[in-house]
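What follows is a short report on a single structure.
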Amino acid sequence: MNGSSSTLHRPVPERRRWTWLFRPNPLRRRTDKVQAAVLALCALVAAAAVPLVTLLALHVHRTTAEDLHAARQGATQTTATTTGVGRSPLGSSGPISTTVTVPARWTTTTGDLRTGMIQAPADTPPGTDEQITIGTDGRYLPKGATQGSTVVIPIVFGVTILAVALLTCTLIYGAITGLLERRRAAAWGSAWEEFARTSTT
């Protein structure tokens, strides 16, 4: 047959697709080579993302630890006044938690008025005074703001970034593969039409 013969071959079974993409074969089409290149590039990006995300997570860990240490160094006690009500979600046996976050306002050591969310007993009415701890910059330091947060935050950050990178690579590969499959299908149809015309003549 004419030059269209390179496109007339059986579709490769899915279980053999991976070896087909990289195996030397005279019937391998240009779209197969493009798909192999895209797959290799996505795999390279995914592999490179692991050490990069690890370095970023370590940087976040170091920064978080330094910020917490600096805040704890000059921590002071002050009185905050709640400005709203924090209600605990109800479970089958009653409130899930006895401590919730509520809006409040407080004054820093420099006399600045700050507002934010603080921890308080559930159903605390507005106007209730609560003793809180604030850092040198006036930020509220939650009671659970310990060294554990310096580990949790980097882990969540790293897992999120890595998941986004892997999902992006998967979507890009899937989109390009879909375009290539449509191009293969169009070439396959054109080749069969050409084959039919040649056979009838």
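Quick notes on this structure:
- Pair list, Cβ < 9 Å and 6+ apart or interchain, from the range 60-85 residues that are assigned to a loop (DSSP other than H, G, I, E, B) and at pLDDT below 80 to residues that are open to solvent by less than 40 Å² (accessible area, probe 1.4 Å) and not basic (Lys, Arg): Gly74/Gly135; Ala75/Thr133; Ala75/Ile134; Ala75/Gly135; Ala75/Leu141
- From the list Thr200, Thr160, the one residue that fits, being over 17 Å from Leu44 (Cβ atoms), without any contact (Cβ under 8 Å) to a residue 60 or more places away in the chain and more than 20 Å from the chain's Cα centre (by Cα), is Thr200.
- Cβ separations smaller than 6 Å between residues 6+ apart or across chains give the following pairs from the range 24-51 residues that are at pLDDT below 80 to residues that are basic (Lys, Arg) and assigned to a helix (DSSP H, G or I): Thr31/Arg183; Thr31/Arg184.
- Members of the range 125-137 that are at pLDDT 85 or above and in a loop (DSSP other than H, G, I, E, B): Pro125, Pro126, Gly127, Thr128
- Scanning the range 182-201 for residues that are closer than 15 Å to Gln35 by Cβ and open to solvent by less than 70 Å² (accessible area, probe 1.4 Å) yields Arg184, Ala185, Ala187.
- Given (1) open to solvent by less than 80 Å² (accessible area, probe 1.4 Å); (2) at pLDDT below 80, number of the condition Ile96 does not satisfy: (1)
For every residue, the table says whether it meets (1) part of a helix (DSSP H, G or I); (2) modelled with pLDDT of 90 or more; (3) open to solvent by 50 Å² or more (accessible area, probe 1.4 Å).
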{"residue": "Trp106", "(1), (2), (3)": "no, yes, no"}
{"residue": "Thr146", "(1), (2), (3)": "no, no, yes"}
{"residue": "Val156", "(1), (2), (3)": "yes, no, yes"}
{"residue": "Cys169", "(1), (2), (3)": "yes, no, no"}
{"residue": "Leu180", "(1), (2), (3)": "yes, no, no"}
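The values are calculated or read from the model by the stated rules, or taken from the named source; none is laboratory data. This structure is a prediction, so every number in the text was calculated from the model and none was measured. Here the Cβ is made from the backbone with ideal geometry for all residues, glycine too, and neighbour counts use every protein chain on show. The protein model used for the area step is the full one, side chains on, heavy atoms only, and it has no ligands, DNA or RNA in it. Shrake-Rupley method; radii C 1.70, N 1.55, O 1.52, S 1.80 Å.
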